[in-house]
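Asks: Structure in structure tokens, see below.
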Amino acid sequence: MKRYASFGEFYPFYLSEHANRSSRRLHFVGSCGVLALLALALVQRNAWWLAGAPVCGYGFAWVGHFFFEKNRPATFRYPLYSLMGDWVMFKDILLGRVRL
């Protein structure tokens, strides 16, 4: 397992693990779902909605990896950098830096 000295060094690897457009789309939908569940928890003042956030986020992402990328999610090897990568890629998709 390669060790990365920084997130900046890790992120190109993260993007290479998300080369498939369908996988990126599933990641994006999962991240939108996480944000919606967080908003719902705040609006309804009900923390139970937060339990669905990881299921939604990881569920969509892992479908993308197992069925489209045909690889093992980076979460299993690099949990913190992978989580950071999810949100940086989400931002990069919104800014048009990564194609959806």
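Asks: Being of a type in the set (A, V, I, L, M, F, W, C) and within 15 Å of Ser23 (Cβ to Cβ) is the filter here; which residues of region 64-100 pass it?
Replies: Scanning region 64-100 gives Phe66, Phe67, Phe68, Ala74, Met89, Phe90, Ile93, Val98, Leu100.
Asks: Which condition breaks for Phe68 when tested against (1) free of Cβ contacts under 8 Å to residues at least 60 places away in the same chain; (2) among the hydrophobic types (A, V, I, L, M, F, W, C); (3) buried (at least 18 other Cβ atoms within 10 Å of the Cβ); (4) out of contact with any Cys (no Cβ under 9 Å at 6 or more places or on another chain)?
Replies: Unmet condition: (3).
Asks: Then there's this: For region 1-16, how many residues meet the condition of being under 16 Å from Val98 (Cα atoms) and either outside any helix (DSSP H, G or I) or among the polar types (S, T, N, Q) (or both)?
Replies: The qualifying residues number 1.
Asks: While we're here: Does Gly96 fit the bill of being in contact with a Phe, Trp or Tyr (Cβ under 9 Å, 6 or more places away or on another chain) and closer than 23 Å to Phe10 by Cβ?
Replies: No; evaluated as a whole, the condition is false for this residue.
To keep it simple, each residue is scored yes or no on (1) modelled with pLDDT of 95 or more; (2) among the small types (Gly, Ala, Ser).
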{"residue": "Lys2", "(1), (2)": "no, no"}
{"residue": "Phe10", "(1), (2)": "yes, no"}
{"residue": "His18", "(1), (2)": "yes, no"}
{"residue": "Gly30", "(1), (2)": "yes, yes"}
{"residue": "Asn46", "(1), (2)": "yes, no"}
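Asks: Output yes when any residue across region 47-58 is touching a residue at least 40 places away in the same chain (Cβ under 8 Å), part of a helix (DSSP H, G or I) and within 16 Å of Ala74 (Cβ to Cβ), and no when none is.
Replies: no
Asks: When you scan region 66-93, how many residues do you find that are touching a helix residue (DSSP H, G or I) at 6+ places or on another chain (Cβ under 9 Å), in a helix (DSSP H, G or I) and closer than 16 Å to Tyr11 by Cβ? First the steps, then the outcome.
Replies: Within region 66-93, the subset touching a helix residue (DSSP H, G or I) at 6+ places or on another chain (Cβ under 9 Å) is 67-69, 71-76, 78, 80-90, 92-93.
Subsequent filtering for residues that are in a helix (DSSP H, G or I) retains 67-69, 74-76, 80-90, 92-93.
Applying the additional criterion that residues be closer than 16 Å to Tyr11 by Cβ yields 74-75, 80-90, 92-93.
Summing the residues that are touching a helix residue (DSSP H, G or I) at 6+ places or on another chain (Cβ under 9 Å), in a helix (DSSP H, G or I) and closer than 16 Å to Tyr11 by Cβ in region 66-93 gives 15.
The values are calculated or read from the model by the stated rules, or taken from the named source; none is laboratory data. Computed from a predicted model, the values in this text were never measured in an experiment. Ideal geometry is used to build each Cβ from the backbone, glycine not excepted, and the neighbour counts take in all protein chains shown.
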